[in-house]
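Below is one structure, written out as structure tokens; comments come after it.
Please treat every number below as a calculation from the coordinates, not as lab data. Everything quoted here is computed from the prediction, not taken from an experiment. Reconstructed Cβ throughout: ideal geometry from the backbone, glycine too, with neighbour counts over all protein chains shown.
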Amino acid sequence: SAVISQKPSRDICQRGTSLTIQCQVDSQVTMMFWYRQQPGQSLTLIATANQGSEATYESGFVIDKFPISRPNLTFSTLTVSNMSPEDSSIYLCSVVGLGVRDEAFFGQGTRLTVV
Amino acid sequence: GEDVEQSLFLSVREGDSSVINCTYTDSSSTYLYWYKQEPGAGLQLLTYIFSNMDMKQDQRLTVLLNKKDKHLSLRIADTQTGDSAIYFCAEPPGGYQKVTFGTGTKLQVIP
């Protein structure tokens, strides 16, 4: 299994500012995933972060808006840039491959409110 | 791409059984999962079923898999107020890849 620490757990931010979310895993993992969960919605994958290479973004998400860092095998950050109220969501980091059944493990999420 | 669909909302009385349904499209998954998201929390793996199984029972939870119809269900017996949460079915394409989540079913348990 994996223990994933994500912070901050919540924040209220002014529009036009940026917020960096941190994700720390207690084991080394090749890939980390960042999801967005808009109010009342399912999870939408933002990007996949590999150590040592640029993140791979899903359709509808761009690096300028959601820059990602992956400096080592246990840590990643997601920045939400130039925020607007539409960015108000829960952001979750996730890893796969540390369990025996390929299950995904999640951080507790960052609840972001943009005012 | 894969689409995993669920009904959005289910309301049951405490003590009754809950059945949450899921329809998936990718038949190559080795496992299929059910995740639970309690209010204000991340997702936690609730249970899973191996794709060559039809049924799996785990205490109050029963997972049924119909591969022919690509239908997965989660039955919670003797539903408790602590079961109130959003339940997501999910499938991985296999091996260190992203997981595709269903739309989520919000279960409301009425005391």
**Message:** For a test of understanding, tell me how many lysine pairs in chain B have Cα atoms under 18 Å apart, given they are 8 or more places apart or on different chains.
**Reply:** 6
**Prompt:** Where the centre of each part is set by its Cα atoms, how far does region B:1-68 sit from region A:1-65, in angstrom?
**Reply:** 25
**Prompt:** Say the dipole of the protein assembly as shown comes from +1 at the beta carbon of Lys and Arg and -1 at that of Asp and Glu; which of B:108, A:18, B:11 then lies farthest toward its positive end?
**Reply:** A:18
**Message:** Given R₀ = 41 Å, what would the calculated FRET efficiency be for residue A:63 paired with residue B:81, taking r from the Cβ atoms and rounding to 0.05?
**Reply:** 0.40
**Prompt:** According to a simple spin-label model (label point 7 Å from Cα along Cα-to-Cβ), what is the distance in nm between residue B:70 and residue B:52?
**Reply:** 2.2
**Prompt:** Between residue A:28 and residue A:79, what FRET efficiency follows from the Cβ-Cβ distance if R0 is 22 Å, with the result rounded to 0.05?
**Reply:** 0.45
**Message:** Give me the inter-chain shielding for B:31-40: mean count of other chain Cβ atoms within 10 Å, whole number please.
**Reply:** 3
**In nm, spacing of pseudo-spin labels at residue A:7 and residue B:30 (7 Å Cα→C-beta vector)** = 3.5
**Geometric extent, Cα atoms of chain A - Rg, Dmax (angstrom)** = 13.3, 42
**Item:** 14 Å reach of a label modelled at residue B:7, 7 Å along Cα-to-Cβ, counting backbone N of region B:44-76
**Value:** B:72-76
**Complete:** Across A:90-97, the residue-averaged tally of Cβ atoms belonging to other chains within 10 Å stands at 3
**Item:** Ranked B:103, A:17, criterion: other C-beta atoms within 10 Å, fewest first
**Value:** A:17, B:103
**Request:** Count charges around residue A:16 for me, please; just the other residues with Cβ under 15 Å from its Cβ, Lys/Arg as +1, Asp/Glu as -1.
**Result:** -2
**Request:** Calculate the translational D of the protein assembly as shown in whole µm² s⁻¹ from Stokes-Einstein, where the hydrodynamic radius comes from the Kirkwood formula applied to all Cα pairs, the temperature is 25 °C and the viscosity 0.890 mPa s.
**Result:** 136
**Request:** Summarise the partner chain shielding of A:38-49 as one whole number: the mean count of Cβ atoms from other chains within 10 Å of each residue's Cβ.
**Result:** 3
**Fill in**
the protein assembly as shown: antiparallel bridges as % of DSSP beta bridges, rounded to 5, reads 90
**Prompt:** Antiparallel as a % of all DSSP beta bridges within chain B, to the nearest 5?
**Reply:** 90
